Amino acid sequence: MNAQLKTILLTVLTLSVFVIALVELSGVSNTALFNKYSIGNGGTGQMTNGTPDEQQKKDAQRKAMPKTTISFVDTKHNFGTITEGEVVKHAYKFKNTGEHPLLISNAVASCGCTVPSYPKEPIAPGAESEVVVEFNSKNRPGHQKKNVLIYSNAQEEAMSIGFDVDVKEK
């Protein structure tokens, strides 16, 4: 092969690698840098729905991600006094204060009367989001104290948020 052909082939190869790197860093690709941990539907076309196998996969992805930090505005809330049968909600606002994307892989309530909902996609560094906790007071008279464990790739792998409520009978 002559020198000119080698130079052309090397140039084409270098430009190809450069274009691939740009696509990866820009996030245009389904499997781009942000989705390299197969989070959400990156590369699979599916969202996980919480089956045990999928939850184990999500936990493994979370553990493989670089550690970051999370800062909640508040971790405890007091609903005061409500009447039995009422459903109340509180949004626990938080910020990803670290340098890497934050992934919440699970939120586990201490009781079936408490239902947490959390963002399924990674939260970018500096971005804010919230975990909403809903409590159904049906058949729960008296003082109630409930907790939700938040599992993420933060330095503190499991973090507790919770609330107190006094439920008066109808």
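The values are calculated or read from the model by the stated rules, or taken from the named source; none is laboratory data. This structure is a prediction, so every number in the text was calculated from the model and none was measured. Cβ: placed from backbone, ideal geometry, glycine included. Neighbour counts: every protein chain shown.
Looking only at residues of the stretch 126-169 that are among the polar types (S, T, N, Q) and within 16 Å of Val88 (Cβ to Cβ), we find that the one that is nearest to the chain's Cα centre (by Cα) is Asn147.
In the stretch 80-117, which residues are assigned to a loop (DSSP other than H, G, I, E, B) and either among the hydroxyl-bearing types (Ser, Thr, Tyr) or more than 13 Å from the chain's Cα centre (by Cα) (or both)? Within the stretch 80-117, Glu84, Gly85, Glu86, Thr97, Gly98, Glu99, Ser110, Cys111, Gly112, Cys113 meet the criteria.
Here's the yes/no breakdown for (1) in contact with a strand residue (DSSP E or B) (Cβ under 9 Å, 6 or more places away or on another chain); (2) within 30 Å of Val165 (Cα to Cα); (3) modelled with pLDDT under 80; (4) not small (Gly, Ala, Ser):
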site: Thr48; (1), (2), (3), (4): no, no, yes, yes
site: Met65; (1), (2), (3), (4): yes, no, no, yes
site: Thr68; (1), (2), (3), (4): yes, no, no, yes
site: Ser71; (1), (2), (3), (4): yes, yes, no, no
site: Phe79; (1), (2), (3), (4): yes, yes, no, yes
site: Glu84; (1), (2), (3), (4): yes, yes, no, yes
site: Lys89; (1), (2), (3), (4): yes, yes, no, yes
site: Tyr92; (1), (2), (3), (4): yes, yes, no, yes
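Sub-6 Å Cβ pairs linking a first residue in the stretch 152-170 that is modelled with pLDDT of 95 or more to a second residue that is basic (Lys, Arg) and in a loop (DSSP other than H, G, I, E, B), at least 6 apart or interchain, are Val167/Arg140, ordered by first then second residue.
A residue that is touching a residue at least 12 places away in the same chain (Cβ under 8 Å), under 24 Å from Thr51 (Cβ atoms) and not charged (D, E, K, R) occurs nowhere in the stretch 72-86. A search for C-beta distances below 6 Å between a residue of the stretch 43-63 that is under 18 Å from Ile150 (Cβ atoms) and charged (D, E, K, R) and any residue that is surrounded by 12 or more Cβ atoms within 10 Å (Cβ to Cβ) and modelled with pLDDT of 75 or more, counting only pairs 6+ apart in sequence or on different chains, returns Lys58/Ser105; Asp59/Ser105; Arg62/Leu103; Arg62/Ser105; Arg62/Asn153. Considering (1) touching a helix residue (DSSP H, G or I) at 6+ places or on another chain (Cβ under 9 Å); (2) of a type in the set (S, T, N, Q); (3) not assigned by TED's automatic domain parsing to the domain that holds Gln155, the lone condition that Ser105 does not fulfil carries the number (3).
Going by what's in this entry, would Thr68 be described as touching an Asp or Glu at 6+ places or on another chain (Cβ under 9 Å), in contact (Cβ under 8 Å) with a residue 24 or more places away in the chain and surrounded by fewer than 17 Cβ atoms within 10 Å (Cβ to Cβ)? So Thr68 fails the test. Among the residues of the stretch 148-170, those identified as under 30 Å from Lys57 (Cβ atoms) and surrounded by fewer than 17 Cβ atoms within 10 Å (Cβ to Cβ) are Leu149, Gln155, Glu156, Glu157, Ala158, Ser160.
Considering the conditions (1) of a type in the set (A, V, I, L, M); (2) surrounded by 15 or more Cβ atoms within 10 Å (Cβ to Cβ); (3) at pLDDT below 95, Ala60 is excluded by exactly one of them, (2). Where residues in the stretch 113-139 are surrounded by fewer than 18 Cβ atoms within 10 Å (Cβ to Cβ) and in contact (Cβ under 8 Å) with a residue 40 or more places away in the chain, which of them is nearest to Ser71 (Cα to Cα)? Across the stretch 113-139, the extreme among qualifying residues is Pro125.
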